[in-house]
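Comments concern the structure below.
Read-outs: derived from the displayed coordinates by stated rules, not from any lab. Being a predicted model, the structure only gives us computed values, none of them experimental. Quick reminder, even Gly has a Cβ in these numbers, built from the backbone with ideal geometry, and neighbours come from all protein chains shown.
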C-alpha cells in the first residue's frame, strides 16, 4: 500500500519539479524581453526629442528670417513713401523736466495739423532718461514752411500748462530732421521749448 501511494505521488512530484524548472527558464527570457522593450522605448523617445529639437531650431530660424524680412520691408516702404529729397521728420526730447510734465504734443505745418500725440507715463519717463521720440514724418516741398508745436502738460506747482513754439523751416534738397526739445529754465522756474535742426 505504501508503495502504491509513493508511485501515485511520483508523477505529481515530477510535474511540479518540471513546472518549476520551466518557470525558472522563462523568467530570464521575460526579463530580457522587458529590457529590450525598454531600450526600444528609450531609443524612440530620444529620437523623438532629437526631432523636436531640430523642429524647434527650424522654427526659431524661420522666425528670425521673418523678422529680418519685416524690417527690410519696413525700410523699403519708408524709402518709397518718404524719399530722401522731400523727407522731414520731427522728434521730441526732454532735458531734466522738473518744471514740466509732458502730456501731449500737437504739430502744425503751414497751418495744417499733421500730428497729435498723447504720451503715457512710461513714455515720458523714457524721454526723461534720454530717449527721443519720432512724433511725425512727412514729405515737404523745397522752400519755406512754418512749424507750430503746441505742448500740453503740467507746469510749475502742478498747474495745467499749454505752450507753443514756432519756427520757419527752410526745406532744401535732402532730408531734414527737427528736434523739439523741452528744457528747464532754472532762473525763471519755467519750462522752455526749443526747436533745433539736426545737422
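The listed peptides 134-144, 34-44, ordered by packing as a protection proxy, come out as 134-144, 34-44 (highest mean of other Cβ atoms within 10 Å first).
Between residue 69 and residue 179, the FRET efficiency estimated from the beta carbon spacing at R0 = 45 angstrom works out to 0.90.
Across all Cα pairs in the range 87-197, the calculated P(r) in 5 Å bins from zero up to the longest distance comes to 2, 12, 24, 25, 17, 11, 6, 2, 0 percent per bin. A crude spin-label estimate for the pair residue 35 and residue 167, with each label 7 Å from Cα along the Cβ direction, gives 8.3 nm.
For the range 35-90, what D do you get in µm² per second when you plug the Kirkwood radius from alpha-carbon pairs into Stokes-Einstein at 4 °C and 1.567 mPa s?
Details: Rh = 15.2 Å.
Approximately 85 µm²/s, per Stokes-Einstein.
Rg and Dmax over the alpha-carbon atoms of the range 91-156 stand at 13.1, 40 Å.
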